[in-house]
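Presented below is the structure to which this report refers.
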Amino acid sequence: MAAKLNSSISPETAGTLVGLFQERVRRTPNAVAYRHFDPKQRSWQETTWAEMATEVTRWQAALSKEELNPGDRVALMLRNSREWVFFEQAALGLELVVVPLYINDRPDNVRYILKNAEVKLLMIEGYHQWQEIKQWWALRKLVRVISLNPFDDEARGQKRLCYLQEWLPKTADKHYPKLNNPDALATIVYTSGTTGLPKGVMLSHHNILWNAHSSLQSTPIYEDDLFLSFLPLSHSLERTLGYYLPMMAGAQVAYTRSIAKLAEDLVTIKPTVLVSVPRIFERVHNQIYDKLREKTLLERALFKLAIAAGWRQFNYQQGRAPWHPLCLLNPLLRQIVGRQVLAQFGGRLRIVVCGGAPLVFNVARELLALGLPLIQGYGLTEASPVISGNSLNNNDPKSVGTPLQDVEIRIGEHNELLGRSPGVMLGYWNNPKATAEVIDEEGWLHTGDQARIEQGRLYITGRIKEIIVLATGEKVPPGEMETAIGTDPLFDQAMVVGEGKPYLSALIVVNPEHWNTLAQELNLDPHQKQSLEHPAVLEEVLERIEQHTRQFPGYARIRRAALTQERWTTENGLATATLKARRKQVIKHYRNQISALYEGH
C-alpha cells in the first residue's frame, strides 16, 4: 500500500489544478477515473482518465468559441457528475474563474451570485432551472446559458440558450495550455451563510492543491480506493476531498444517482472511502434504535454488550486505555452485530470522513464501537477548507483532530479560533471590508468559531455570533444542544431560542413517520395542527429533550417547545444550501410561536 502512495502528485509537480488533471492523465491514462449510472443502459459505466481528457478537450473547444477572456467568471449548476469535471477542467484550462452553484439553492440567492460575480456563462441541468433563469435576462453580463438536458421547444427562440449536444463539437484537436501561475484565482465559492447575503470566497489554484495534498499526508489514499460522491461538489469539503484529492492520489470516484438512492448505491458500489456530513450518520443511528425497539431483550442486551466491547477495543487500539477482557468478545460481537451495520455502507469502508458540522459524541462512539472507521475534521470554505482532522491511528471523536501540516492555530479573544495556512483564501470577491474583518494584518483567519486546544488537539465549543444570552446573564452556545436534540428520531430539525429571556425554549420540526406513530399512540389526529400543541405531546417532547440534554448545565434546561411539520429548506428560505438552519430567518418566521412560549414570564 505504501508503494501506491508514491504515485500521488505533489502541488509542485501539478502547479495548477489544470496541471493536476493533465499529470494524472499522463501517469495513468488507462486507469478508471469515474463511475456513473447510465439510465438508458441501466448499468454502471466506467470512464478512464484518457477518455476524460478527450471530453475535456471537446468542452474546451466549445468554451473557446464563446466571447470569454481570461479571468471571466463562468458558473455551473449541476449535480455531481462527469459533466461537472468536464466543465471545470475545460474552463480552468482557458484561465476562466469557476463559480459553483447549488442545484437546490433559492432562486434569489442564485440571482444574487450571478449578478455579484458578473457571470458570463452558466451551465444548468435543464427545464426546472431554466424556468427561473429565463426571468433574469436583465442580467446583461450573462450572455450564454447551456442546458445539459434538452426540453420542449419553448426555449428554441432564446438566443442565449443552447443545449449541450448542439453546443459541443463532435471532435476537437487536443490542446492543453500550460498554466504557470499557481496563485491565480481559480474559483469563487459563495458561502451559504446563516445570516445576510452570501460572500464570494476567492480561492487560488495553490490554495486548493495545498489543502488536498496536506489532507493526503494526514489520511493516505491509494490507487485502489473507491470514493462514493454524494455531497454537492459546490461544497468545498466535497470539492477538495472528494474530487481533487482522489485525482491527486489516482483513486476512483463513483457518483451516486441521487440522495434518495444513496443507501442502495452504497451497497452496490461498496466504496472504500466516504466523505459525509453528520446527518447521514445520525439517520443510521436512529434507524438502528428504531429496529432495536422491535428486538427481544436478549438481542438488545447483545447490542449493548457489543457497544461496550467495541468501545473498549477502540480505546485500547488508540492507546488511551489498557486491555480489558471484553476485548476478547469484540471480534465475535462485531460479526454478529457490527457487520449488519457496516453492510449498510457496503461493507468495505476503510475511511469515513465526517465534516461540515459537529457529530454528536454518542453517535460517533457507538458507530466506532461497531467498527465504522469514522474520523472527524474541521474547516471552512475560507481555508480551502480543511484546517484539522483526526486520523485512524490518532482518533478522538470528541475532538476535530490535530492541525494539518503547515497549519498554525491559536485561540484569540472570546476563545475564537484563529488559523493561518497556505489554504487561507485570497479574500472575499469585491468586498475588501469583509476581508479585513476576518483576515488580520498578520494573516490570521478569524473563524468565528469558539474552541480550545488541549495537547495539540482542537475542540470546537461553539459559535461567537450564535451565543444566547439569557435574562439571567448566563451564556449558552445553542449549537451543541441542537445537535444533541437532533439525535432523537422524532425530531428532524431543532433550534434552541431564548435570547434575553428567563429560560430556553426549542423550535422542533417533527419527523413525519415518528410523529404519526406518536399521535396515534395518544389517540390524536397527526394531520391536525392542534395535535402538535396537545399537552400530552408537549410533555413527551420535553421529556425526550431532557434525556438528550442532561449533560448541559442546569440553566441551559429547555422549559418549553413549539412543534411544526414545516421543514426548514432552501425553498422556503429557512435553511442554507448545506441544510444549516438560517437562525435569524427561522426566528422571524416563528416569532408568534416564540412569543407564546414566554407568555406570562
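Some notes on this structure:
- The selection criterion, being small (Gly, Ala, Ser), in a helix (DSSP H, G or I) and over 27 Å from residue 401 (Cα atoms), does not hold for residue 306.
- Pair list, Cβ < 8 Å and 6+ apart or interchain, from region 61-75 residues that are within 15 Å of residue 168 (Cβ to Cβ) to residues that are among the hydroxyl-bearing types (Ser, Thr, Tyr): none
- Only one entry of 367, 372 meets the criterion of being crowded, with 24+ Cβ neighbours inside 10 Å and over 12 Å from the mean Cα position of the chain (by Cα), and that entry is 367.
- Boolean, residue 299 is charged (D, E, K, R), touching a residue at least 24 places away in the same chain (Cβ under 8 Å) and outside any loop (DSSP other than H, G, I, E, B): no
- Of the numbered criteria (1) closer than 17 Å to residue 163 by Cα; (2) surrounded by fewer than 21 Cβ atoms within 10 Å (Cβ to Cβ), the one residue 76 fails is (2).
- Members of region 164-183 that are among the polar types (S, T, N, Q) and either modelled with pLDDT under 90 or part of a loop (DSSP other than H, G, I, E, B) (or both): 171, 180, 181
- Condition met for residue 68 (in the same structural domain as residue 160 (by TED's automatic domain parsing) and part of a helix (DSSP H, G or I)): no
- Residue match in region 430-453 (condition: more than 17 Å from residue 382 (Cα to Cα), surrounded by fewer than 20 Cβ atoms within 10 Å (Cβ to Cβ) and touching a residue at least 12 places away in the same chain (Cβ under 8 Å)): yes
- Scanning region 21-53 for residues that are without any contact (Cβ under 8 Å) to a residue 24 or more places away in the chain and not small (Gly, Ala, Ser) turns up 23, 26, 30, 38, 39, 40, 41, 42, 45, 46, 48, 51.
- Picking from residues in region 194-244 that are among the hydroxyl-bearing types (Ser, Thr, Tyr) and assigned to a strand (DSSP E or B), the one that is surrounded by the most Cβ atoms within 10 Å (Cβ to Cβ) is 229.
- Options 543, 521, 571; residue that is farther than 30 Å from residue 361 by Cα and without any contact (Cβ under 8 Å) to a residue 12 or more places away in the chain: 521
- Of all residues in region 436-479, those satisfying the criterion of being of a type in the set (Ser, Thr, Tyr) and outside the structural domain of residue 495 (by TED's automatic domain parsing) are 447, 459, 461.
- Yes/no for residue 264 being of a type in the set (D, E, K, R) and either free of Cβ contacts under 8 Å to residues at least 60 places away in the same chain or surrounded by 22 or more Cβ atoms within 10 Å (Cβ to Cβ) (or both): yes
- For region 454-497, filtered to residues that are among the small types (Gly, Ala, Ser) and in contact with a Ser or Thr (Cβ under 6 Å, 6 or more places away or on another chain), the residue that is surrounded by the most Cβ atoms within 10 Å (Cβ to Cβ) is 484.
- The helices (runs of 4 or more DSSP H) falling completely within region 309-425 that include 2 or more residues that are in contact with a helix residue (DSSP H, G or I) (Cβ under 9 Å, 6 or more places away or on another chain), farther than 24 Å from residue 281 by Cα and modelled with pLDDT of 95 or more map to 326-333.
- For residue 37: the one exception among (1) more than 28 Å from residue 381 (Cβ to Cβ); (2) at pLDDT 95 or above; (3) over 25 Å from the mean Cα position of the chain (by Cα): (3)
- Checked against the criteria, residue 408 does not count as surrounded by fewer than 23 Cβ atoms within 10 Å (Cβ to Cβ), of a type in the set (Asp, Glu) and more than 22 Å from residue 11 (Cα to Cα).
- Scanning region 106-124 for residues that are acidic (Asp, Glu) and either buried (at least 21 other Cβ atoms within 10 Å of the Cβ) or not assigned by TED's automatic domain parsing to the domain that holds residue 232 (or both) gives no hits.
- Of the residues making up region 543-562, none is modelled with pLDDT of 95 or more, on the phi < 0 side of the Ramachandran plot, in a loop (DSSP other than H, G, I, E, B) and under 30 Å from the mean Cα position of the chain (by Cα).
- Filter result for residue 509 (of a type in the set (A, V, I, L, M), modelled with pLDDT of 95 or more and in contact with an Asp or Glu (Cβ under 9 Å, 6 or more places away or on another chain)): yes
- Those residues of region 455-481 which are assigned to a strand (DSSP E or B) and free of Cβ contacts under 8 Å to residues at least 24 places away in the same chain, in sequence order: 462, 463, 475
- The residues listed here are 8, 43; of these, the one that is among the small types (Gly, Ala, Ser), out of contact with any Phe, Trp or Tyr (no Cβ under 8 Å at 6 or more places or on another chain) and over 20 Å from residue 233 (Cα atoms) is 8.
The values are calculated or read from the model by the stated rules, or taken from the named source; none is laboratory data. Everything quoted here is computed from the prediction, not taken from an experiment. FYI the Cβ positions are ideal-geometry reconstructions off the backbone, even for glycines, and counts take in every protein chain you see.
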